[in-house]
1. Please list, ordered by chain and number, the residues whose modelled amide H lies under 5 Å from the amide H of LYS446; skip anything fewer than 5 residues away on the same chain.
2. With Cβ to Cβ distances under 15 Å as the rule, what net charge do the other residues near THR79 carry (K, R +1; D, E -1)?
3. Once amide H atoms are built 1.01 Å from N in the peptide plane, which residues 5 or more positions from ASP308, or in another chain, come under 5 Å H to H?
4. Quick one: work out the % antiparallel among DSSP beta bridges in the chain, nearest 5.
5. Please state the charge dipole magnitude for the chain, taken about the Cα centre, from unit charges on C-beta atoms (+1 on K and R, -1 on D and E), reported in debye and rounded to the nearest 20.
6. In degrees, nearest 10, range 0 to 90: what is the angle between the Cα axis of helix 386-396 and the longest Cα principal axis of the chain?
7. Tell me the net charge near GLY115. Cut-off is 14 Å between Cβ atoms, GLY115 excluded, with +1 for each Lys or Arg and -1 for each Asp or Glu.
8. With a cut-off of 8 Å between alpha carbons and a minimum separation of six or more residues, what is the relative contact order of the chain in percent?
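Read the figures in this text as sums done on the coordinates, not as results from a lab. Computed from a predicted structure; not experimentally measured. Every residue, glycine as well, gets a Cβ built from its backbone with ideal geometry; the counts of neighbours run over all protein chains shown.
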Amino acid sequence: MKKIITILLVGIFLLQSFCISAKPTNTTKDLQEDLDPLVDLEITVNISAIRALDPVDKYSDPDFYVKVTINNEEYSSPTWEDTTYQYNSWKVTQDVPDEEELVYITLQLFDKNVGLDKQCDISPRVNKEKQGLTVNLVYNVKTGHWHGDDAVLGDASGYGRLNGCDDNNIYIEEDDCELWFNIFQNDYDNDNIPYWMEENIYGTDPNIDNTGDDTDNDMIPIEWEHLWGYHPNIWDDHKQLDPDHDSLSNFEEYLTSQWDSNPFRRDLFLELDYMEDSHNGEKSIMPNESKEILKNPYHRHNIVVHIDSGEMMCGGEIIPFDNKTNSEGVYQLYNEYFLHGDTDYWRRSIFHYGLFVFDCIPAGYGFSGERVPFYGPGTNSFVISSKHMREISQKTRKPLEYVYSSAMMHEIGHSFGIRLGNPFGCDGQFTKYPWQIGYWIFRNYKSIMNYRFTYKILDYSDGSHGRRDHDDWANLDFSHFEAQ
């Protein structure tokens, strides 16, 4: 009997102990780690750009708005009406628990319509039966990074950029768009490095702004290395590293980081200069809309185009008017307005160069400013006649901004190594007109590099059209423009 009573008492004691330990108490909460004791944690989601890559609205330009959800709290942006692209920043900030490491975020893009708004595709997942459109992210308060449908590594579209074409349906219209965004938390010393990382990983003081520090002496400051997942206390050869194979080293990606370059996503930098108006007031300045038209085919393939026509301090220079610019004049303009007389100018290995003059022969061509002949390795530049662009626009009845974009994409193709005879259908004078045999022989090479399609297709070929086609996209040589 005593044994039974003893067993019962022990059982009751163990049961009481279990119930006490299982019940949440204030003491348990107090023991949880405050992930940043210097601030009351807040998370901010900032939307910086939206661009339509498909004709989202067939009757007008889209009326975009964004929905952001942070830990089940939903926020809606203003509506940006009648625009296929917008660069007006909008952000939302929410307080989050200081003891919870993960914050759950969703992003959705809509085109506002009467009756029923349409959700656009910005997700890398397959779009099927209105699924695969919403982007799901998990933000880590300890590291200051997020993962999910967008991440630092292994994301072709780039960290902080979403691309609806990432489901590999580039040539199927699925209301594909791109959306640029950033997620960050408040930080006492404003160096964008979370308290937990400073205390536990880097050994820096979370009370002191470490912006610009380079403790490992690899010429890259701590804030850039932290952002892209490099350890700021471990030396890396950033002048040689090029993880995205776009011929821009990590050091060059850092130099251009203020213009949204990304070391893990391919970037194309383009500087443009223009000739001043003719005596009759004819302009050589490319229409602004042409820049946006030019971006689309590259952005669908996750090659982000950055255009400096004055936005990045050096481009957009106005050169003196000349009625006709010969090849010698082009070289002089290249050295004066692109290199600025410095053969070792740092932008030479980063920027492709475009020069718009009133008239030249031929009316547009790619060239290298350091060598003759124009074509060959090192072709990093092009010149285009504005007079010829107007003539083509009138002849083809294509909008002038489209004609400019077509000419630029063709000439940029030369700086990627697509040139006369490589492939054979490129730049063939015998492919232009139906009465020429090359017009039919290379009809499957559906590329802007084929003169048959230069002002008809704003795209390189992907090699999927049959015999004598060529996969331009897969064979772009990003180092071709740098060869000396």
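1. HIS470
2. In short, -4.
3. When sequence neighbours closer than 5 places are left aside, the close amide H contacts are LEU270, GLU271, LEU272.
4. If we restrict to bridges inside the chain, about 70 percent are antiparallel.
5. About 2700 debye.
6. The helix 386-396 is inclined about 90 degrees to the chain.
7. Once all neighbours under 14 Å are counted, the net charge is -2.
8. Relative contact order, the chain: 9 percent.
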